[in-house]
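The values are calculated or read from the model by the stated rules, or taken from the named source; none is laboratory data. Note that the coordinates shown come from a computational prediction; the quantities given were computed from them, not determined experimentally. Methodologically, a virtual Cβ is constructed for each residue, glycine included, from the backbone with ideal geometry; neighbour enumeration extends over all protein chains shown. Only protein heavy atoms, including side chains, enter the accessible area calculation; ligands, DNA and RNA are left aside. Shrake-Rupley method; radii C 1.70, N 1.55, O 1.52, S 1.80 Å.
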Amino acid sequence: MLTPLKEYRNSDLKKGKRFNQILLATKNPGKVREFQKYFSELNIKILKLDDVLGRIEEPEESGKTFEENAIIKVLYYSEKTELPVISEDSGLVIPSLGGFPGIYSSRIGKDDGERISKILEKLKGKDKPERKACFVSVIALAQSGKLIKTFKGKVCGYISEKPQGNNGFGYDPVFYYSKIRKTFAQIPSEVKNKFSHRGRAIKKLLKYLEKIN
Ligand code: IMP
C-alpha cells in the first residue's frame, strides 16, 4: 500500500533552485504531444524517456487507482535520474459500467479501435444517462526517488453512438463533450487541452512549478 507524501519540502525543487528541464516519463506519444504544448510556453524543456534513459523497461502498473499507478511510475523512473520527473496515469471511467474501463483503459483491447468497440458494445442500446463518462488524469512529480506531489484533473461527457473525428488519441473519437457539441477527436488539441482532464491536471502542476521554481 502506497502512502503518498503530501508535500516533499526538502527537495532540490525548493525555492531558489530553479530548474529548466523535466523528464516526462511516458511512452505514449499522444500524451507527450499534449504536455509539450503546455511546456513550450514556459522556460521548461520536456525531455522524453528515450532521450534520458534510453530503451528502459516500463514498471508494472500494479496500483488500484490512477494515483497509485502514477506514483509507481514516477518513483521507478526518478530513481534512475537526478532530473525532476513527471508521470501521468489516466483513463476513462463509465459510472454505469461500475467505473469500467478505469485503470485498465489502455489494456482492454490490442489497439484504440478494439478498445472503442468494446465500450460501444457494452453501451449498445443504452440511453444518455447511462452513457455518461469521465476522463481522469493524475500527474505525479518526483525527484531522486522521492514523491513531491500529485495533481488531478477530470472532465465528464458522454460516449457517442459511433466514433467521430481524427484528432487526439485513445477514446477521443467517442468522447462527446456537450459544452462544444463535439467529440474530443473533432477539435484541435489546443481546444481539447482547455477542457481536458490532462489539461486541468497540467494547469495545477504548472501553477505549483511556478510557485517553487
Ligand atoms: P495509461 O498510459 O496507463 O495512463 O493509459 C491511459 C489510457 O486511457 C490511454 O491509453 C487511453 O486509452 C485512455 N486515455 C487517457 N487519456 C485520454 C485522452 O485524453 N483521450 C483519449 N483516451 C485517453
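In the set 52, 138, only one residue is within 17 Å of the chain's Cα centre (by Cα) and of a type in the set (A, V, I, L, M); that residue is 138. For the criterion of being open to solvent by less than 40 Å² (accessible area, probe 1.4 Å), at pLDDT 95 or above and away from the ligand (no atom under 14 Å from the Cβ), residue 131 passes. Here region 154-196 is the region considered, the condition is being among the aromatic types (Phe, Trp, Tyr) and within 22 Å of residue 138 (Cβ to Cβ), and the residue that is most open to solvent (accessible area, probe 1.4 Å) is 169. Which of the residues that make up region 35-52 are within 16 Å of residue 193 (Cβ to Cβ) and aliphatic (A, V, I, L, M)? Selection gives 42, 46.
With respect to the conditions (1) within 9 Å of the ligand (Cβ to nearest atom); (2) over 16 Å from residue 196 (Cα atoms); (3) not hydroxyl-bearing (Ser, Thr, Tyr), residue 173 falls short on a single one, namely (2). The set of residues from region 197-213 being out of contact with any Phe, Trp or Tyr (no Cβ under 6 Å at 6 or more places or on another chain) and open to solvent by 30 Å² or more (accessible area, probe 1.4 Å) comprises 200, 203, 207, 210, 211, 213. Return the residues of region 17-67 that are part of a helix (DSSP H, G or I), open to solvent by 20 Å² or more (accessible area, probe 1.4 Å) and more than 12 Å from the ligand (Cβ to nearest atom); say none if nothing qualifies. Within region 17-67, 36, 37, 38, 50, 51, 52, 53 qualify.
Among residues of region 163-188 that are more than 13 Å from residue 113 (Cβ to Cβ), those with a beta-carbon under 9 Å from a residue that is away from the ligand (no atom under 11 Å from the Cβ) and among the charged types (D, E, K, R) at least six positions away or on a different chain give the pairs 164/182; 165/182; 176/131; 176/182.
Scanning region 68-95 for residues that are away from the ligand (no atom under 16 Å from the Cβ), closer than 21 Å to residue 149 by Cα and not in a loop (DSSP other than H, G, I, E, B) yields 78, 84.
Here residue 104 meets each of (1) among the hydroxyl-bearing types (Ser, Thr, Tyr); (2) more than 10 Å from the ligand (Cβ to nearest atom); (3) open to solvent by 20 Å² or more (accessible area, probe 1.4 Å) with one exception, condition (2). Annotation note: Cβ proximity below 6 Å between a residue of region 82-95 that is closer than 24 Å to residue 120 by Cβ and a residue that is near the ligand (Cβ under 6 Å from one of its atoms) (sequence gap 6+ or interchain) occurs for 91/105; 92/105; 92/135; 92/171.
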